[in-house]
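Trainee: Got a structure here, written out as structure tokens. Questions coming.
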Amino acid sequence: MNPLKYIRILDGESCPCGSGMKHKDCCKNKVMSISQTSKKPPEVQVMEMMRKSMKRCCMHPDQAQCKGKIKEAHALQNNKIISLLAGNERHVYMMNSKKQPLIIPMKKGDPAVIVEMSRTSANDATTETCFCDLHDNTVFAAIEKGAPDFDESNEVMKFVYAYKSFIFEYYKQSTAINIFKKCFEKNPVAFKSFPMVGMYRMLQLKMQEFDPIKYHFDKEIMANTYSGVVTCVIKIPEQIRFANYAYIAPDYDLNGKKIRHTLKGVMHRLAVTAFPESTQSYILLSCLEKEKDIYQGLFNQLTTSSVDKIKFYMSMILPLYSENMVLSSGLWNSWNKDAQMGYTFYANLHGPDAIRYGRCIGMGIRNAAIDSRYDYSKRGKIDLFP
């Protein structure tokens with residue numbers, strides 16, 4: 001593998017603009033007019049394009065049967081999950097990439113781009129334009145309004161929660177790479193910087209990893225079989241004040257041991273969903289059955305550890321690994337300004353910075369595990385279970 005591909009666009013590869021031509025024959029030497037350039041950092045340009053240009057499409061495999069408009073579908077159910085967090089105020093706090101990010105000048109290097117935690121209407125929380133009316137109502141019926149509370153013996157429910165966490169992330173990643181291509185076509189000079197090439201490679205790699213997972217989910221949905229997914233169910237004996245959906249690969253287990261989730265260059269992820277119910281809450285971690293051996297050790301720990309140790313672990317892991325956290329106003333306001341800033345900082349980390357801080361978190365988890373007297377009920381400032 002050519003190591004230069006991680007810092008530059010190679011002459012012989014397909015041009016990132018999506019033309020189908022080789023880069024050397026397409027955008028390599030394209031000259032931009034002044035009117036086509038922007039003084040905003042390239043990553044901000046991508047975010048702005050995403051806010052304006054989120055593709056309206058149905059992600060259901062049987063698109064020939066689509067009916068109705070492409071709707072603002074909720075990754076986390078408005079009527080069952082978001083409403084519990086929003087309460088009478090009807091709003092929650094979440095990172096909202098559809099709003100203008102903060103651009104913070106730095107003494108060295110490029111400016112920092114920060115997506116703030118925003119007060120968001122319950123009706124708008126975790127929505128994406130990725131399902132038609134028909135398929136949004138049918139494919140998620142097992143867990144939507146009118147469905148019974150979660151039943152950990154119900155394989156269809158577990159499959160649908162895993163699918164929903166995955167497909168909303170798939171939609172965002174596929175949209176992001178398409179928007180990157182459009183931005184590259186307009187301004188290839190800015191988008192050939194090292195950070196932007198790194199973003200492009202990350203998006204390419206994720207799509208290569210996500211596509212086989214989508215194939216499995218699509219096949220099962222079309223066959224109406226809902227199998228091939230293994231789910232670890234964690235029950236929390238109270239109503240939590242956050243919810244989450246994510247498709248992530250945590251680097252460390254509950255004892256701070258490295259999880260070997262990358263095999264032959266391919267990262268294997270977990271679909272993670274956390275949600276409250278009226279008197280209890282659940283955290284679901286799902287992977288394909290063929291990936292079970294990778295995460296079986298973590299699943300065993302989660303099903304045998306104390307609730308306090310699980311809360312400690314989740315409070316360490318989720319703020320860094322997931323950008324799709326939804327917090328009640330009560331939880332957000334229970335943190336002081338330092339905790340709120342710390343949470344926002346962690347949630348915005350990516351690339352090498354996220355890796356470095358991930359190692360620090362792994363060390364913290366490991367240090368707690370080797371101390372036989374460690375009190376897991378005493379969590380840090382960023383506590384998801386106060």
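Trainee: How big is the dipole moment of the chain about its Cα centre under a simple scheme where the beta carbon of each Lys and Arg is +1, that of each Asp and Glu is -1, and everything else is neutral? Debye, nearest 20, please. Could you put the intermediate results ahead of the total?
Mentor: Values: 53 positive and 39 negative charges, 316 e Å.
Using Cβ point charges on Lys, Arg, Asp and Glu, the chain gives about 1520 debye.
Trainee: Hey, another quick one. Give, in nm to one decimal, the length gained when the segment between ASN336 and LYS381 is fully stretched (0.36 nm per residue of separation minus the Cα-Cα distance). All intermediate terms of the calculation are to be shown ahead of the outcome.
Mentor: Values: separation 45, 0.36 × 45 = 16.20 nm, distance 0.84 nm.
Extra length available between ASN336 and LYS381 comes to 15.4 nm.
Trainee: Which lysines, if any, have their Cα less than 21 Å from the Cα of LYS22, not counting same-chain residues under 8 positions apart?
Mentor: LYS5, LYS30, LYS181, LYS182, LYS186, LYS192
Trainee: Explain nothing, just the number: relative contact order of the stretch 215-287, from Cα pairs under 8 Å at least 6 residues apart, as a whole percent.
Mentor: On the way: 115 pairs, mean separation 28.1, N = 73.
Computed value for the stretch 215-287: 39 percent relative contact order.
Trainee: Also, quick follow-up: Using alpha carbons only, how many degrees (0 to 90, rounded to 10) separate the axis of helix 307-321 from the longest principal axis of the chain?
Mentor: 10
Trainee: Still on this structure, please answer the following. I need the phi-derived Karplus couplings for the stretch 117-126: 6.51 cos²θ - 1.76 cosθ + 1.60, θ = phi - 60°, integer Hz, Gly and Pro marked x.
Mentor: 6, 10, 6, 10, 4, 4, 5, 9, 5, 6
Taken together, the values in this text are just the output of simple stated rules run on the coordinates, not laboratory data. Please read all numbers here as calculations on a predicted model, not as lab measurements. Neighbour counts are summed over all protein chains in view; Cβ atoms, including those assigned to glycine, are modelled from backbone coordinates with ideal geometry.
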